[in-house]
Amino acid sequence: LSVTNVILNLGLAIVVLLILKVDLTSVSSIISAGTVAIGLSLQDLISAFASGVVLLKSKHFRTGDYVSIEHSSGQCEGTVSSVGLIATTMETYDNQHVIIPNNKVVQGVITNYTANPTRRVVVQIMLHTSTDVNKAREVILAVVKNDSRILADPTPSVVVSAIDEFALTLAVRCYSRNRDYWDALYAIQENVIVALRDSGFRFPERKVTIGK
């Protein structure tokens, strides 16, 4: 709609000039010179405009999608609130309103977390090296399977992802629907820790880190 509006306004200007019997030959020379001058001064704006057309046509993401955009000036992650011809606006998880020029978006790396209907939930838990892995796996899987937000297919799994002289790390891997991802992630982290403590499992003496 924005592109059509610009084209129609330009067409209207030409029609008005024709009605007024203005010599378009001389006007075209002036317009050409002005276009070059304006183009040089508005390179970034023109680049953002062209990138906006590319984004709208390619549809890498839509309004309402949760995306992460890594560009030359940094990284932004949040929900897309609008995609314009000049800039894309996002609402971050801490409710900040972010505006990114479209040329930054097109040149960056876009990760669309809502493009697929499901998303993998990964929780890493550090336990003492003396831990019985099989028993710990049973406790963790019982917690995971008891959460209705976790999908049965693909089958949830618990694997040893790392080990050193202080601790071993168990990675809990399961899937949830996109809309349930954050709630499922936080619930699994908390409930697994509580279940392991209640079952008598030892944690390493150094600081325990839990994350995605």
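Brief remarks on what is shown
- Among the residues of this structure, GLY74 counts as one that is more than 30 Å from PRO154 (Cα to Cα), of a type in the set (Gly, Ala, Ser) and exposed (fewer than 14 other Cβ atoms within 10 Å of the Cβ).
- Residue match in the range 129-144 (condition: of a type in the set (S, T, N, Q), at pLDDT below 95 and open to solvent by 70 Å² or more (accessible area, probe 1.4 Å)): yes
- Subset tally (residues that are part of a strand (DSSP E or B) and in contact with a helix residue (DSSP H, G or I) (Cβ under 9 Å, 6 or more places away or on another chain)) for the range 137-164: 5
- Of the residues ARG197, ARG202, the single one that is open to solvent by 50 Å² or more (accessible area, probe 1.4 Å) and without any contact (Cβ under 8 Å) to a residue 24 or more places away in the chain is ARG197.
- The requirement of being in a loop (DSSP other than H, G, I, E, B), free of Cβ contacts under 8 Å to residues at least 60 places away in the same chain and either open to solvent by less than 50 Å² (accessible area, probe 1.4 Å) or closer than 26 Å to VAL3 by Cβ (or both) is fulfilled nowhere in the range 90-97; no residue meets it.
- Filtering the range 165-180 to residues that are part of a strand (DSSP E or B) and either among the polar types (S, T, N, Q) or open to solvent by 90 Å² or more (accessible area, probe 1.4 Å) (or both) leaves THR169, SER176, ARG177.
The values are calculated or read from the model by the stated rules, or taken from the named source; none is laboratory data. No experiment lies behind these values; they were computed from the predicted model shown. Because the Cβ atoms are built from the backbone with ideal geometry, glycine has one as well, and the counts that use them run over all protein chains shown. The protein model used for the area step is the full one, side chains on, heavy atoms only, and it has no ligands, DNA or RNA in it. Shrake-Rupley method; radii C 1.70, N 1.55, O 1.52, S 1.80 Å.
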